[in-house]
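Worksheet for the structure shown next.
The values are calculated or read from the model by the stated rules, or taken from the named source; none is laboratory data. This one's a predicted model, so the numbers in the text were calculated from it and none came from an experiment. Because the Cβ atoms are built from the backbone with ideal geometry, glycine has one as well, and the counts that use them run over all protein chains shown. Each accessible area value is taken on the protein alone, full model and side chains, heavy atoms only, with ligands, DNA and RNA left out. Shrake-Rupley method; radii C 1.70, N 1.55, O 1.52, S 1.80 Å.
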Amino acid sequence: MCGIFGTLNIGAKTAQAAVSNVSAILQHRGPDSQDHWYSGEDDLLLAHQRLSIIDLSPAGHQPMESPCGRYVLVFNGEIYNHREIRQKLECEQQGWDWRGHADTETLLASFAARGIEDTLTACVGMFAFALWDKQTKQLTLGRDRAGEKPLYYGWHKGGFVFTSELKAFKALPGFESEVNRDALAIFMRHQYIPAPHSIYKNVFKLPPGHYIHLDARSLVDRPVPVPYWTVNESIKAGGESPFQGADANAVLALENLLMQSVSGQMLADVPLGAFLSGGVDSSVVVALMQKQATRPVKTFAIGFDDPRYNEAEHAAAVARHLGTDHTELYVSAQDALDLVPRLPSIYCEPFADSSQLPTFLVNKMAKQHVTVALSGDGGDELFGGYSPYQFAPKYWRLLSKVPRPLRAAMAGVIPRSPAPDKFLKLAEVMAARSKEDFYRLMMSHWTQPEMLVRNACEPPSVLSSPDLWPKTDSYEHWMMAMETQMYMPDDILVKVDRAAMANSLETRVPLLDHRIIEFAWQLPLHMKIREGKGKWVLREVLYKHVPRELIERPKKGFSVPLGDWLRGPLRDWAEALLDEQRLQAEGYFYPAPIRNAWQQHIKGRRDNSGKLWSVLMFQAWLEAQ
């Protein structure tokens, strides 16, 4: 796991200055070594920070040049099937001379022998890379299918720049960090900024499953991302070739795929473990790890003194049953609160999923014992685990029977009444024009962000663009498709990557193996959601290894008592950032709706913690700039 950075056509002096700065900025992503490659003839810089995971020797050092001298590669990630790719290359070309056993070398060799798209299609893994072709003077950037590894790119004074983390753009002398107000608006809605947008103008995220080509001789042409794999194509293929077997066949097929994925992701030349919350997703990953391990798997859990948020005792019970080497750390509210000032530097663009706090803390603890940790993320999106998949269809059926004019009138009355918070959310979704619009409003924190952010026009997203929607057989499957394409890569995986890499820890997500994603879209809905409960088929796999009674309980999620903290120990910090005169002077927000939400919250009239955390995370980020 590493950090990558590069420039094209920004001038030798600027490139050299960037090299000096970027090493310190990205060191947490790769503390083991750093190096760069620069071509004065092409004005191209490729820089790399290495966290050594596979082949710890100098043979895995980057930037890496191909033996033929034509290609140079910087790579962040892991190719789990790189040994199989090596074997195929060796069969195709006898007498292959390998320098080491790093997957970077395998990837570079495959690019040279097979080209970009064939190589990407063959890879099973998580990655972001930049490949320079000296012969064609072409730079190619690519990203893994699910979006586990980040890749930003943009322009600086007529030149091109790319990097693993947005803050590395600050390594460029004179970088113009103008806030993208449109992106700020969509951030207020979702608490994250979805690809391809970023908080800076002229800086973009490469979408998952895409690559771009840049011709050094015509940089005036903005590259158009090219897909080599998409969720929508997986949905289409799954619909055309649905799973035909019985329940037991589906459970066995999924278990075999999970075993294959977990086995591949246990490949490492450094200590390896896993996060264990005691929920379905992490428990199934750990169970299949332990089944294939020769010694107890190291597992990690965070506990809280507040029973509303504590799942450590459940994780401990699962760990005891599986016989793992379990470590848990009970953290106080103060531990989490002390982390708040660091959040802008960890996430480097505004990010407001408050589970970022416990996520960072569990990664910090795990790093004391291992260098790689497997995570259970992805199960909810693929197998119907989130609660809206169960209640949204029912609510929409009821709501759609009420005429829209009457709904609009009710929506105007409820906010002025002392109604519970859940009724306020109902008021926000009453004006929905369709079940898709109902879901979008239900998942929005600020439902009218353009009334909050000055001079902003909220850009479209997958969720608001019908032309980007796949054809699905149910409302529930449509919701899962939306979450898999937006919330998972731009919230969940951002949260995990930044929290892990801030601690120089590599995380891997076995459930996001693309073969599992594709299989999930072959399954009918009743194998995911059954009797009002999600993840049926995944649960059935787990119950072959862990007793049902250790798992069956209400889902808590990985959360913190944010509302209480904002009224208590974080109140002064929040008040300073939400000061009306400050908001007015900075010029990004209309103060009135924010101050109203703040007053409602601190007086206990409403729980506006979600809305306020979005504003606070932007304000804290802005202050750190």
For the residue pair residue 592 and residue 97, what label-to-label distance in nm results when each label sits 7 Å from Cα along the Cα-to-beta-carbon direction?
7.5 nm
With every protein chain left in place and a probe of 1.4 Å, what is the accessible surface of residue 236, to the nearest 10 Å²?
110 Å²
Sort 566, 252 from largest to smallest accessible area, using a 1.4 Å probe on the heavy atoms of the protein chains.
252, 566
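Kindly provide the chymotrypsin sites (Phe, Trp or Tyr not before Pro) of segment 55-129 that DSSP labels as loop, not H, G, I, E or B, and whose Cβ sees at most 15 other Cβ atoms within 10 Å. Don't skip to the end; give the middle numbers.
Numbers: sites: 71, 75, 80, 96, 98, 111, 127, 129; in loops: 80, 96, 98.
Filter output for segment 55-129: 96, 98.
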Diffing segment 195-202: the Karplus 3J(HN,Hα) column from phi (6.51, -1.76, 1.60, θ = phi - 60°), in whole Hz with x for Gly and Pro, holds 4, x, 7, 9, 6, 9, 5, 6
Kindly report, to the nearest 10 Å², the accessible surface of residue 266 as traced by a 1.4 Å probe over protein heavy atoms only.
50 Å²
How large a share of the accessible area of the chain, in percent, is made up of carbon and sulfur atoms when the probe is 1.4 Å and the other protein chains stay in place?
51 percent
With all protein chains modelled, accessible area of residue 299 [1.4 Å, Å²]:
0 Å²
Fully extended contour minus Cα-Cα distance, from residue 252 to residue 552, at 0.36 nm per residue
105.9 nm
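For a quick check of your reading of the filter: which GluC sites (Glu not before Pro) in segment 542-617 sit in a DSSP loop and have no more than 12 other Cβ atoms within 10 Å?
Numbers: sites: 549, 552, 575, 580, 586; in loops: 552.
In loop regions of segment 542-617 (DSSP not H, G, I, E or B), the sparsely surrounded GluC sites (Glu not before Pro) are 552.
Can you put 190, 101 in order of accessible area, largest first, using a 1.4 Å probe?
Output order, biggest surface exposure first: 101, 190.
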Trypsin sites (Lys or Arg not before Pro) within segment 426-474, DSSP loop, no more than 12 other Cβ atoms inside 10 Å
433, 471
Is the C-alpha gyration tensor of segment 18-74 telling us rounded, prolate or oblate? Criteria: a/c under 1.5 is rounded; beyond that, a/b larger than b/c is prolate, otherwise oblate.
oblate
Alpha-carbon Rg with Dmax, taken over segment 203-271, Å
19.3, 57
Just tell me which lysines come within less than 28 Å, Cα to Cα, of residue 471; anything on the same chain fewer than 8 places away is out.
149, 205, 236, 394, 401, 435, 528, 533, 535
What number, rounded to the nearest 500 deg cm²/dmol, is the helix-based mean residue ellipticity at 222 nm of the chain, given -39500 (n - 2.57) per DSSP H run of at least four residues and division by all its residues?
-12000 deg cm²/dmol
Calculating percent of Cα pairs over 34 Å apart from this structure picks out, from (1) 48; (2) 55; (3) 43, entry (3)
Of all DSSP beta bridges with both partners in the chain, the antiparallel percent, nearest 5, is 75 percent
Of 426, 598, 551, which is farthest along the charge dipole of the chain in the positive direction, counting Lys and Arg as +1 and Asp and Glu as -1 at C-beta?
426
Probe 1.4 Å, all protein chains present, accessible-area order of 410, 259, 479, largest first
410, 259, 479
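Would you mind working out the accessible area per residue for the chain, using a 1.4 Å probe, and quoting it in Å²? Display every interim value, and only then the final one.
On the way: 24340 Å² over 625 residues.
Computed with neighbouring chains in place, this is 39 Å² per residue.
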